[in-house]
There are 2 protein chains.
Amino acid sequence: MHRSHNCGELSESNLNQEVTLAGWVQKIRNKGFIAWVDLRDRYGITQLVFDETRTPKAVFKKSTGIGREDVIQVKGLVIERESKNLNIPSGGIEILVSELSILNHSETPPFTIENETDGGDELRMKYRYLDLRRNKVKENLILRHRVSMIVRNFLSQADFIDIETPYLIKSTPEGARDFIVPSRMNNGQFYALPQSPQTFKQLLMVGGFDKYFQIVKCFRDEDLRADRQPEFTQIDCEMSFVEQKDVLSLFEELIQHLFQEIKGIKLNEFPRISYAKAMEKYGSDKPDIRFGMTFGKLNEIAKGKGFNVFDSQELIIGIAVPGGANYTRKEIDNWIDWVKRPQVGAKGLIWVRCNEDGSYKSSVDNFFNQQDLAEWSKKTNAHAGDLIFVMAGDSQNAQTQLSALRIEIAEQMGLRKSNEYAGLWVTDFPLLAWDEDSKRYHAMHHPFTAPKNEHLDWLTSTPEKVLANAYDLVLNGNEIGGGSIRIHDTQLQEQMFSLLGFTKKQAKDQFGFLMNAFQYGAPPHGGIALGLDRLVALLGGSETIKDFIAFPKNNNGRDVMIDAPSKVSDDNLEELYLKSLPKKSS
Amino acid sequence: MHRSHNCGELSESNLNQEVTLAGWVQKIRNKGFIAWVDLRDRYGITQLVFDETRTPKAVFKKSTGIGREDVIQVKGLVIERESKNLNIPSGGIEILVSELSILNHSETPPFTIENETDGGDELRMKYRYLDLRRNKVKENLILRHRVSMIVRNFLSQADFIDIETPYLIKSTPEGARDFIVPSRMNNGQFYALPQSPQTFKQLLMVGGFDKYFQIVKCFRDEDLRADRQPEFTQIDCEMSFVEQKDVLSLFEELIQHLFQEIKGIKLNEFPRISYAKAMEKYGSDKPDIRFGMTFGKLNEIAKGKGFNVFDSQELIIGIAVPGGANYTRKEIDNWIDWVKRPQVGAKGLIWVRCNEDGSYKSSVDNFFNQQDLAEWSKKTNAHAGDLIFVMAGDSQNAQTQLSALRIEIAEQMGLRKSNEYAGLWVTDFPLLAWDEDSKRYHAMHHPFTAPKNEHLDWLTSTPEKVLANAYDLVLNGNEIGGGSIRIHDTQLQEQMFSLLGFTKKQAKDQFGFLMNAFQYGAPPHGGIALGLDRLVALLGGSETIKDFIAFPKNNNGRDVMIDAPSKVSDDNLEELYLKSLPKKSS
């Protein structure tokens, strides 16, 4: 071992001990006759002192040659520090160095290795190994490690078995695009990388494993939006003989346990609301419930009063902004401009000031009287001093747009507190979504999701009305997981595939093994998958998952540090019975 | 929840309780007026009783319709069993069923779900989800789970951080063949799946993480020998500021801890021997040291006596078979035939009986006298009553062949006891191996392995003599892991690449990021990777890794259950700028 102690563990209790430390040079303060060096490793920082009078001559001379980020090893005596730093555990001592060896020199790093660095995103990604030295990034990855360990131990204690499912599987056209892997031994054929271990975990239930979990990489060849990665990590779980409420209560407990262990926070019970309710009250299937401003539906009281904008629209909804009555006209106009931005896409906003004296002032006073506006205020839970914003449009757009406004206002008002957490279960999603392009239903969740028992009959008559036995876990407005009770019956699974437009042959080719399996005593089962990247980011007080991944890819799916993907030789391709095509001009 | 208890937890202490169980029908004994059903789940078996007189009529009638592997749910009373089965915890009770519901019917399984099954390998792989129900397979995977958890908790306690490295990385021609993954967003370019996270874990050390681990899938596109998988799992570790002995003692402790926890066995200290010594004494770099029969070198005393077979060969070595003097001529001839099999490939065997009276009888009495043979016996550590087998040939063949014989004899003599375990470290491997075909050196371990410090000068003069700071962990004759102290110096790494025949450009293209990283203060570091599949198999008392993988592939790299790999559409390929080539006639 190149050290007797690490740089985080020495304190006054080690005074007068001879120790050996190794680490990186974080900082040098050189006064000529004396120099202090901060030596850093993963565990902390210890101050070294090189003193013309007390340090051996040769060592002192050598010390003048060291620079920032050099890796050095020192031997020396633990002595008391004159000016103590009470902020760090080792701040009371320093090492009077008697031996110094330079283990490796460092070029001047392209950016400073400090919490607040001068390096831009691209630069830090290219030199990710240096970025990883920054305390912030290091802490993020240590947090991720802790979360993984806590999750594994919690689930293991709850009788879940960690089972590795394969990475080289079969390509299926359902869902997102697969990454495919040419097989040399089976020429002309391809593996696919899993988008999730979905079918395998269901087969494990058929195999009697009862409770399965895995922290597992998944892959999706999607055009990357910001903060999406082509490879991402799931906490993947499945249980047999359970109903929805069993899954929900266990995983609620897991999340509560995590917050207790990591942040010392006791989370409140997670409310459970239906998808329909979530859309009606928040305009979102992943609402942030840390604050109010729930939607009021104004259709009945706002239509038929001669205001054409309302009369012609499907949905009229409003929210009450607490204390918003004192917004200036300019402030109100700013919000109107904000919703008109292409990212939101609304046509405009109607507003109503709820004055302290009980009167109302609105942008539509020509059409609505005080009595009308009082009813709006009731529907939106507005109080004197609040401001009501109203939006009208087709249901989907109006909800989405007002939801965006609700979140942005809350953000600006400081209602989305970073140290406050609220979990929520959203349930009863529609099973199917009609796709106008392909003229067929798509599975909202995935094709293995069970319809609610009481809706089974509707599958043939009114499939669009069928709700799924599916659930999403939402935390502070972020979807951190989702799951469902699965179909475990061959006939029902066949019916589902047929609704999704699979021919019998297609269903058999792609999922024959699963439907076969269901014929040999498949138990009722269900499960959930949580996004580890996002969960850790939230626990770390951030919404940027890249900061919590050791070696993330950029928005083009590239690892700029290793420069991947890259070309391979024609020989290599030929061995796989493949040939590169020139890019089509577009 | 579809049950109040599982099938393994009820005992006499639950008598007279009303319980709900769910599981699979393992066995039915039907006497007409009474039927006993063994209900199975992951946790155990509980006996149900359906009795014409005590069971509700409708339920009794329904019970006659259930069959093997049906999934049922029952409600009933825990009662005392008349003929108790003391072998299982629930053997003292049975459930008098009052309600029965059939959750899912099962077709007759294609093989019996018992420890000793009538299903062949192919059939069981095709229906792996049924094979997984067999106790043996289930126990293997539960063992794997336990091993993973123990390893993770041990390493986490020892300050290792679990860090996920990427799966979509860069293809490098060094080492085995990569699986490659076409990138749609970067057309004409490819990711590779990692053969190991080697470079990433080294970058984590440069990044200051000090101690890293990961239980991680790795991929190799090799022609599969028996018991090799295209995807396999490694316990992957790396440490900074360590020397060889630090790595060895920590991972020896890990293995000892595992055996203590899993099997209650305290392993002896693992001897550490050099590669040269291992070859000299055992003819193998992964010797089984649970028994003796070490090699004696006879060159000096067996050459020059007129026996041409010996005089013309490079190496003459022998082993003493304990108690082998009473082998019949036929038995001896069988061994001679055995070594002549093409799998071993020896020309023959010389034998010497060490008679109880101190005399010797050999197959070469014409050339060697009693005095000569006495010296052989001394060199091979033979005693009166033993048989000496002697082999001659070029060094490599003679060693390999005699090693095979040694293992087979030990196997047949019952010296390779399945409940006995002995670990061993083999160190000081040659750094380089000359490849006659490509006329260049190959790295024995990998290009990042550090030469021994005291051999650095030889790199330019006599590279073939340089030993590596590398080590293998061997258990009962199986290599279960290997590692090395790594190069952390840019110049030395460049020198190494140049020895391996890389041009400067090739080295920079493929490993530029690593050599760059080394310029910014890389710490001395080293690590190890253990093969989880093999380790678990050994802990499970088997040498067949397939039995310890939930969904293994066959020797053609196929998953016969899901039928992967498979064809993908031309559209799909075109999107990746690829075209399938017809297979060349061969």
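The values are calculated or read from the model by the stated rules, or taken from the named source; none is laboratory data. All of these numbers come straight from a predicted model, not from anything done at the bench. Please note: Cβ atoms are built from the backbone with ideal geometry, for glycine as well, and neighbour counts cover all protein chains shown. Calculation scope for accessible area: heavy atoms of the full protein, side chains included, ligands and nucleic acids excluded. Shrake-Rupley method; radii C 1.70, N 1.55, O 1.52, S 1.80 Å.
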Q) Can you run phi through the Karplus equation (6.51, -1.76, 1.60; θ = phi - 60°) for segment A:324-338 and list ³J(HN,Hα) in whole Hz, with x for Gly and Pro? A) x, 4, 8, 4, 6, 4, 5, 4, 4, 4, 4, 5, 4, 4, 4
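Can you tell me the length gained on complete extension of the stretch B:Phe33 to B:Asp311, counting 0.36 nm per residue apart and subtracting the Cα distance? Kindly include the intermediate steps, with their values, before the conclusion.
Details: separation 278, 0.36 × 278 = 100.08 nm, distance 8.40 nm.
Between B:Phe33 and B:Asp311, full extension yields an extra 91.7 nm.
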Q: Could you pull the copy-to-copy label distances for A:Gln396, with points set 7 Å along Cα to Cβ, in nm to one decimal and sorted shortest first?
A: 6.7
Q: Could you please tell me the mean projected area of the C-alpha convex hull for chain B, averaged over all directions and given in square nanometres to one decimal?
A: 37.1
Q | Partner chain coverage, peptide A:156-164 - average Cβ within 10 angstrom | A | 6
Q) Just counting partner chain Cβ atoms within 10 Å, what average do the residues of peptide B:518-528 show around their Cβ? A) 6
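Sorted by average packing, counted as other Cβ atoms within 10 angstrom per residue and highest first, what order do A:329-336, A:178-185 take? Don't skip to the end; give the middle numbers.
Values: A:329-336: 13.4, A:178-185: 22.6.
Taking the mean over residues of other Cβ atoms within 10 Å, the ranking is A:178-185, A:329-336.
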(Q) If I take R0 = 60 Å and measure r between the Cβ atoms of B:Ser461 and B:Glu269 in this structure, what FRET efficiency does the formula 1/(1 + (r/R0)^6) give, to the nearest 0.05? (A) 0.95
Q.
Given the whole protein assembly as supplied and a 1.4 Å probe, what does the accessible area of A:Ile215 come to in Å², nearest 10?
A. 30
Q) To the nearest 10 degrees, how steeply does helix B:135-157 sit against the main Cα axis of chain B, on a 0 to 90 scale? A) 60
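Counting each DSSP H run of 4 or more residues in the protein assembly as shown as -39500 (n - 2.57), what helix-only mean residue ellipticity at 222 nm follows after dividing by all residues, to the nearest 500 deg cm²/dmol?
Numbers: 34 runs with 337 residues, N = 1172.
Taking each H run of at least 4 residues, the total per residue is -8500 deg cm²/dmol.
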Q. Taking the Cα centre of the protein assembly as shown as the origin and placing charges on Cβ (Lys, Arg +1; Asp, Glu -1), which of A:Gly292, A:Gln73, B:Thr233 is farthest toward the positive end of the dipole?
A. B:Thr233
Q: Identify the residues of segment B:122-146 with backbone N under 14 Å of a label point that sits 7 angstrom from the Cα of B:Asn115 along the Cα-to-Cβ direction, or state none.
A: B:134-140
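Need one value for B:201-212: mean number of C-beta atoms belonging to other chains within 10 Å of its residues' C-beta atoms. Write down the numbers at each step before the final one.
Details: counts 0, 1, 8, 6, 1, 8, 14, 17, 10, 7, 1, 3.
Going residue by residue through B:201-212 and averaging, the value is 6.
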Q: Give the interface area between chains A and B as buried accessible surface, both sides summed, probe 1.4 Å, in Å² to the nearest 100.
A: 11600
Q: List every residue whose amide H lies under 5 Å from the amide H of B:Ile161, counting only residues 5 or more places away in sequence or on a different chain, with H placed 1.01 Å from N in the peptide plane.
A: B:Lys211, B:Tyr212, B:Phe213
Q.
Skipping prolines and chain starts, which residues have an amide H placed within reach, meaning under 5 Å, of the one on B:Leu103, given they are 5 or more residues away or on another chain?
A. B:Val71, B:Ile72, B:Gln73
(Q) Nearest 10 degrees is fine. How inclined is helix A:244-263 to the longest principal axis of chain A, computing both from alpha carbons? (A) 30
**Q.** With DNA, RNA and ligands ignored, accessible area of A:Arg416 (1.4 Å probe; Å², nearest 10)
**A.** 50
Q) Under a 5 Å amide H to amide H cut-off, with H placed in plane at 1.01 Å, what residues pair with B:Asp563 once short-range neighbours are removed? A) none
Q) Using 17 Å as the cut-off for backbone N distance, which residues of segment B:187-221 belong to the label zone defined by a point 7 Å from the Cα of B:Ala176 along Cα→Cβ? A) B:192-199, B:216-221
Q) Can you put A:Asp547, B:Asp533 in order of accessible area, largest first, using a 1.4 Å probe? A) A:Asp547, B:Asp533
Q | Protein-protein interface of segment B:458-490, residues with accessible area decrease of at least 20 Å², isolated chain reference, 1.4 Å probe | A | B:His488
Q.
Starting from the Kirkwood Rh over alpha-carbon pairs, what translational D in µm² s⁻¹ does the protein assembly as shown have by Stokes-Einstein at 25 °C and 0.890 mPa s?
A. 71
Q | Exposure of B:Glu253 as accessible area (Å², to 10), given a probe of 1.4 Å and all protein chains | A | 100
(Q) Out of the total accessible area of chain B (probe 1.4 Å, heavy atoms of protein only), what percent is carbon and sulfur? (A) 46
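Assuming R0 = 25 Å, can you tell me the calculated FRET efficiency for the pair A:Ser569 and B:Trp434, based on Cβ-Cβ distance, to the nearest 0.05?
On the way: r = 25 Å, r/R0 = 0.99.
E(calc), rounded to 0.05, equals 0.50.
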Q: Sketch the reach of a paramagnetic label on A:Lys508 as a point 7 Å from Cα along Cα-to-Cβ, and name the residues of segment A:200-215 whose backbone nitrogen lies under 16 Å away.
A: none
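Compute the accessible area per residue over segment B:12-104, keeping the other protein chains in place, probe 1.4 Å, unit Å². Don't jump to the answer; show the numbers that get you there.
Working: 4480 Å² over 93 residues.
Heavy-atom accessible area per residue stands at 48 Å².
Dividing the alpha-carbon Rg of segment A:512-560 by 2.2 N^0.38 Å yields what? Each step should come with its number before you reach the end.
Values: Rg = 18.5 Å, N = 49, 2.2 N^0.38 = 9.7 Å.
That ratio works out to 1.92.
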Q | Cβ-placed point charges (K, R +1; D, E -1), dipole of chain B about Cα centre in debye, nearest 20 | A | 880
Q: For segment B:186-196, just list the computed ³J(HN,Hα) in residue order, Karplus coefficients 6.51, -1.76 and 1.60, θ = phi - 60°, integers in Hz, with x standing in for Gly and Pro.
A: 10, 5, x, 10, 9, 8, 10, 7, x, 7, 5
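Under 8 Å for C-alpha pairs, at least 6 residues apart: give me the relative contact order for segment A:362-473, rounded to a whole percent.
Numbers: 85 pairs, mean separation 24.0, N = 112.
So the answer I get is 21 percent.
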(Q) Show me, bin by bin at 10 Å from 0, the whole-percent P(r) of segment B:12-104 based on Cα pairs. (A) 18, 57, 25, 1
